[in-house]
Every structure is written in structure tokens, then in C-alpha cells.
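Participant: Handing you this structure, nothing more for now.
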Amino acid sequence: MKTNTIDAVQDQFETFQILSEDGEVVNEAAMPELSDEQLQELMRRMVYTRIWDQRAISLNRQGRLGFYAPVAGQEASMLGTQFALDKEDWILPGYRDIPQLVFHGLPLYKAFLYSRGHFEGGQIPEGVNVLMPQIIIGAQIIQAAGFGLGLKKKGKKNVAITYTGDGGASQGDFYEGLNFAGAYKANAIFVVQNNRFAISVPVEKQSAAKTIAQKAVAAGIEGIQVDGMDVLAVYAATQQARERAVNGEGPTLIETLTYRYGPHTMAGDDPTRYRTKELDDEWTKKDPLVRFRKFLEGKKLWSEEQENKVVDQAKEDIKEAIKKADGAAKQKVTDLIGFMFEELPYNLKEQMEEYKAKESK
Ligand SMILES: Cc1ncc(C[n+]2csc(CCOP(=O)(O)OP(=O)(O)O)c2C)c(N)n1
Ligand SMILES: [Mg+2]
């Protein structure tokens, strides 16, 4: 009797890579068809996001932003996936996935208002196909399965893409969502950004599985593990997953191997308590910006001058966006109550009256 199916399955999940850590092409056959301008745009977005992350961290320390989950290190995973989407595709993010929303059309000042817990940060402009970030770990997986089924039933050639972390892949919702999406061949893409830690818990302690990608097998869907520091590999894997989904071939689970250079959030965790310097150093060498910059420089598509231009632009945009966020009307209790229900229940009607009276004083 043979029961060693685990090895047979998980050994198939090799890490898909196009660029080596030195920016050399190691998989020419998988190279996506991107124009020089598109390649430069990918780099621009990653540099922009790195600067924005640095500014967001210092604005948070100054008390000028609220909740913030740093993204440095994860730019290729975030922006490589988003770059493969159509404007009409839908993004169902987690709390760290703000860059994808902004590059899908959410104005930057709204991202800042979201960070401040201001309701305007949650009001998505018409035509921007994103949902608000989910804080409940794994909840968006089930929503994406349903959303993807909805798109399919409407005959849309579009996908719902959702993001969670390695920790999210340990949740019940994750398995339920994948299974449902597989059963109904929903137009969905599930991205697990495996940054190796769920706050302080290492991925090795969360699961006996060698990869998260292999969890696709039990749901009967496609699964791939990608080098999440290689923006071209991430892009190519997402583009393929998208093609399959819109052609009725069902969902895909994409695991990106990545790392967050900063803390979990700005609420006060100290990564030195749960990560070694050796591990940090190992992943610093894999920096997605350094790798892609080397690749582009080799093709004479990127220069210090271009980089500086992006840095200046990012700083300028952030200044403008913060100014705009500062200009938002002060949030009132009646705003919060008013947005909760279309028809207020009696107890909230009472509270509404009470606060209206207080606020008018
Ligand atoms: C259902 C639920 N349980 C616990 C938490 C608290 N919590 C917030 S973030 C987090 C870790 C998530 O780790 P991971 O999925 O790897 O995502 P990452 O933050 O690393 O991107 C936990 C446990 C939560 N928000 N929701
Ligand atoms: Mg994680």
C-alpha cells in the first residue's frame, strides 16, 4: 500500500523564476511580452511605492497617519500581479495591499484617509474596481470566490483577484474559498504573499506543507509557487492565471515567496524579536528593486536620472495627497452611524438624534 502521496505532489512545486538575484534572465522561454515602456513603468511603480512606504512610515511616526502596514520588500509581488490585470478586473485586498489599489485607480489621498480611519477613505470612486482592504484574515478569499463566480455568470471576461498572506493560508476561510472557486470554476485568482511570517509566527510553524502553492491540489485548481522578488515571474504567472480564468478554465492559486523588510504594522511589533539578522540579510540580497534595476540597466532602459525623477514625483504626489487628506471634513459620529444602514434601526435612530444635537452645539 502506497501512501506517500505528499512527496510526489509537493516536489512538483518548484519556484518559478525568470530573473536571478543578479538580474540575469534564467528562463528566456517564460519571458513575458512587455514593451520597453511597460518594463520601465513596472520599475517606476516599484520605486514610487518604496518611496511612498518610507514617507508613510515617517508620517505615521509623526502622528500624521494612522494604521499602516509597511510594504517594502513586497513590491514585486504586489505590483507584478496588479500589472497583469485589466482595468475592469476586481481587486479584493488585505490591509497591506494598498499599492495595488492605488495603481488600479484609487486616489492616493484616499489611501491616506483610509489609514486615518476616515470614512472618505472607504468611498471608492465609480469605475475603480476595488473593494476596501479586509482586516479579518482570510475573509476576502471567500468573497473573491463568490465575486469570481458572479463575473463568470455575467459572462464577463474579467477576474476577481485577492491577496492574503502565509498566515491567511492557515485560516479555514482559505480552504473553503479555494474549494468553492474550484467547484464552480470561478473567474478568480488567489495570491498568497508568503513573507514567511504571520506577525511573529514563522511559516514553518503554521503548516506541515512544504509549499502553500500545493494547497491548490486538494481544491482541484492550478497552483504555482513564484519567486516573489522577481517582478517578471510574478507578472507572467498572473497573466497566465488570468488567461485561464477568463477562458473558463478555473481559478489559480499563486504563492509568491517574498519578505517584508519592515515591521508587521506601525503599531509597535519589533521584528528583531522574531527574525534573525541572517534571515534579514539573506532577503535584502533578493531586493526586487535592485534585481529589476540591474536587468533594466543591462538593457539601457534605466538610469539614475530616471530613478531620481520618479523619486521626486513620488515625494511631490505624497505632499499633495496629504494636503488633500488634511482638507477632508472632520469626521463626526453621525457620519459613522449614517453610513451603516440604509434604514436605521430604532436604537441607532436614537443615537443619531442624540449626536446630531451634540454636534450642532
Ligand atoms: C481572523 C483574524 N485572526 C487574527 C487576526 C490578527 N492578525 C492580524 S494580521 C495577522 C497575521 C497575518 O499574517 P499573514 O497572513 O502572513 O499576512 P502578512 O501580515 O504577513 O502580510 C493576524 C494574526 C485578524 N486580523 N483576523
Ligand atoms: Mg505573512
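Where a number appears in this text, it was derived from the coordinates with a stated rule and is not lab data. Only a predicted model underlies this, so the values are computations on that prediction, with no experimental measurement involved. Every residue, glycine as well, gets a Cβ built from its backbone with ideal geometry; the counts of neighbours run over all protein chains shown.
Participant: Considering only K152, K210, K286, give the residue with the highest GNM mean-square fluctuation for the chain, with springs between Cα atoms whenever their separation is below 10 Å.
Facilitator: Of K152, K210, K286, the most mobile in the Gaussian network model is K210.
Participant: Under 8 Å for C-alpha pairs, at least 6 residues apart: give me the relative contact order for region 9-329, rounded to a whole percent.
Facilitator: After rounding, I find 26 percent.
Participant: Starting from the Cα coordinates of the chain, work out the convex hull volume and express it per residue in Å³.
Facilitator: Numbers: hull volume 62.2 nm³, N = 361.
Expressed per residue, the convex hull around the Cα atoms of the chain is 172 Å³.
Participant: Quick one: order L113, L348 by neighbouring beta-carbon count within 10 Å, fewest to most.
Facilitator: Working: L113 24, L348 14.
Least crowded to most crowded, the residues run L348, L113.
Participant: Relative to the longest principal axis of the C-alpha atoms of the chain, give the angle of the C-alpha long axis of helix 36-61, reported between 0 and 90° and rounded to the nearest 10°.
Facilitator: 50 degrees
Participant: In what order do D269, D227, D97 fall by count of nearby beta-carbon atoms within 10 Å, going from fewest to most?
Facilitator: Numbers: D269 15, D227 26, D97 29.
With the fewest neighbours first, D269, D227, D97 line up as D269, D227, D97.
Participant: Can you sort D230, D166 from fewest to most other Cβ atoms within 10 Å of each residue's own Cβ? Before the final figure, lay out each step's value.
Facilitator: Values: D230 32, D166 23.
By the 10 Å Cβ count, ascending: D166, D230.
Participant: For A328 and A8, compute 0.36 nm times the residue count separating them, minus their Cα-Cα distance, and round to one decimal in nm. Write out the running numbers ahead of the final one.
Facilitator: Numbers: separation 320, 0.36 × 320 = 115.20 nm, distance 5.66 nm.
So the extension gain works out to 109.5 nm.
Participant: To continue, here is another question. Give the residue list of GluC sites (Glu not before Pro) in region 83-154 that are DSSP loop and have at most 13 other beta-carbon atoms within 10 angstrom.
Facilitator: On the way: sites: E88, E120, E126; in loops: E88, E126.
Of the GluC sites (Glu not before Pro), the ones in loops of region 83-154 whose Cβ has at most 13 other Cβ atoms within 10 Å are E88, E126.
Participant: Another question about this same structure. For the Cα atoms of the chain, what angle does the longest principal axis make with the long axis of helix 231-246, in degrees from 0 to 90, nearest 10?
Facilitator: For helix 231-246, the angle is close to 80 degrees.
Participant: For the chain, set up a Gaussian network in which alpha carbons nearer than 10 Å are linked by springs, and say which option among R273, R50, R260 fluctuates the most.
Facilitator: It is R273.
Participant: Here is a further query. Write out the chymotrypsin sites (Phe, Trp or Tyr not before Pro) in region 208-281 meeting two conditions: DSSP loop, and at most 11 other Cβ atoms within 10 Å of their Cβ.
Facilitator: On the way: sites: Y235, Y259, Y261, Y274; in loops: Y259, Y261, Y274.
Within region 208-281, no chymotrypsin sites (Phe, Trp or Tyr not before Pro) qualify (loop, at most 11 other Cβ atoms within 10 Å).
Participant: Here's something else I'd like to know. As I understand it, the value is the acute angle between the Cα axis of helix 346-359 and the longest principal axis of the Cα atoms of the chain; what does it come to in degrees, rounded to 10?
Facilitator: The two axes meet at around 70 degrees.
Participant: For L34 and D269 in one chain, what is 0.36 nm times their gap in residues minus the Cα-Cα distance, to one decimal in nm?
Facilitator: Details: separation 235, 0.36 × 235 = 84.60 nm, distance 3.93 nm.
Length gained between L34 and D269: 80.7 nm.
Participant: Taking the chain as a Gaussian network, Cα atoms linked when under 10 Å apart, which of L178, L59, L85 shows the biggest mean-square fluctuation?
Facilitator: Comparing L178, L59, L85 in a Gaussian network model of the chain, the most mobile one is L59.
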